[in-house]
Amino acid sequence: MEAKLSAKLILRDKEYEVKAGMTIRHALEKLGISSESVLVTRQGQLLTDDEVLKEEDVIRLVAVISGG
Amino acid sequence: MHCRKCSSKAVINMRQHKLALCQDHFIGWMHEQTERFIQKYHMFSHDDRVLVAVSGGKDSLSLWDILWKLGYYCDGLYIGLGIDEGIQYSKESQRLTKKFALERGLKLHIVDVAEEYGETIPVIANSTLRGRDKPCSVCGISKRHIMNRVARQQGYDVLATGHNLDDEAAVLFGNTLTWSTGFLLRQGPILEATLPGLVRKAKPLCRFYEREMAAYALLRNIGYIYEECPFAEGAKSIYYKDILNRLEADRPGLKLTFYLSFLQAKEAGLLSPQIDEDKVNLHTCPSCGQPTSSPGECTFCRMMAKVTEISNERVEL
């Protein structure tokens, strides 16, 4: 069975696959998501963006910007 | 990354302060800083009755939570706008606000616009020229009017709102682009009750980044409405916030410096109070008693008169 080498990032209704082994900061940069506009969580726990993504990680990004 | 204070795992890194903190130290820091801002800008004291304007969003509920934890006398005011748009936006916001208040044993005033004024905000907006395309302007006018009215009628000393630094920086950015000196003059952590009929307003969160407010809500387990107001799509404020966040990513601290430098410049007299003609020429609305920039009824009362007129026409038909 082929090992999964990617991690999943979810922001609202969008899902992104990125390579495991890179930092969250790097992943956000690659995806064009401003690190200022999201919080990063894994299993409900808040993470800093220097955290390295592991294989099969599911990272939920919480959008923090609201209008009005 | 480790907490600067205790070396345990950090949950947030605030690059503008070069400060990473763990959950407990971050929550404590938020409380200390809020207290510091309240005192620095002479917002209110522990003897004052504070009315917190709550929308069910992360900022206002977090503000209420912080003030409550700091021991201030603070009640909440929720305004039911009647926004549905297929996601029951207002209904869900109200449910979360009521739950928040109930869990903490806090007093919540609720004003339902449709019950008090006959129609929801989207319907009121639709009946006016200014709100026909988007109800945001009508919504803003109505909220400001109702917040001021309730605070006055219920005898509160100050009205506190959950505006964060990103909100303030976006407004400042917009007003600077157009050199709207009248608006620039009025922007700040405090809006004094300079005229009879106005209640003093304070923004205790004005130096916190929006990201910090979301982190606080998350870490304190505050259930807030995550969905954006359906009418906020394409809002100028979101566009400006996005631009500022892109600048911030390259230059940590830029948003904070932009806002604080503005406050310092204002304090130093960069903007002369004499040019605030709107303020000089304020009148009192004969219907509601609140200040208005032109003689006769204020915008809100004129809007409501129009809504009543349309409703009566419908009944006659």
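For the structure I just gave you, tell me whether B:Y226 is open to solvent by 70 Å² or more (accessible area, probe 1.4 Å), at the interface with another protein chain (Cβ under 9 Å from one of its Cβ atoms) and touching a strand residue (DSSP E or B) at 6+ places or on another chain (Cβ under 9 Å). Answer is yes for this residue.
Exactly one residue out of B:S180, B:S237 is within 14 Å of chain A (Cβ to nearest Cβ) and at pLDDT below 95: that is B:S237. Number of residues in segment B:121-168 that are open to solvent by 20 Å² or more (accessible area, probe 1.4 Å), of a type in the set (D, E) and in a helix (DSSP H, G or I) equals 1.
The residue that is modelled with the highest pLDDT, among those in segment B:252-280 that are open to solvent by 80 Å² or more (accessible area, probe 1.4 Å) and in a loop (DSSP other than H, G, I, E, B), is B:A268.
Taking segment B:1-51 only, how many residues are assigned to a loop (DSSP other than H, G, I, E, B) and either out of contact with any helix residue (DSSP H, G or I) (no Cβ under 8 Å at 6 or more places or on another chain) or within 14 Å of another protein chain (Cβ to nearest Cβ) (or both)? The number of residues fulfilling the criteria is 18.
The residue pairs whose first member lies in segment B:210-222 and is within 17 Å of B:S93 (Cα to Cα) and within 7 Å of another protein chain (Cβ to nearest Cβ), whose second member is open to solvent by 10 Å² or more (accessible area, probe 1.4 Å) and in a helix (DSSP H, G or I), and whose beta carbons are closer than 9 Å, counting only pairs six or more residues apart or on different chains, are B:A214/B:K58; B:A214/B:D59; B:L218/B:K58.
Do we find a residue being assigned to a strand (DSSP E or B) and away from chain A (no Cβ under 14 Å) anywhere in segment B:290-299? Yes, because at least one residue in segment B:290-299 is assigned to a strand (DSSP E or B) and away from chain A (no Cβ under 14 Å).
Looking only at segment A:27-60, how many residues end up being at the interface with another protein chain (Cβ under 9 Å from one of its Cβ atoms) and among the aliphatic types (A, V, I, L, M)? Residues flagged as at the interface with another protein chain (Cβ under 9 Å from one of its Cβ atoms) and among the aliphatic types (A, V, I, L, M) within segment A:27-60 amount to 4.
The values are calculated or read from the model by the stated rules, or taken from the named source; none is laboratory data. Because the structure is a prediction, the values reported are computed rather than measured. Positions of Cβ are backbone-derived with ideal geometry, glycine not excepted, and every protein chain shown enters the neighbour counts. When the accessible area is computed, the model is the full protein with side chains, heavy atoms only, and any ligands, DNA or RNA have been set aside. Shrake-Rupley method; radii C 1.70, N 1.55, O 1.52, S 1.80 Å.
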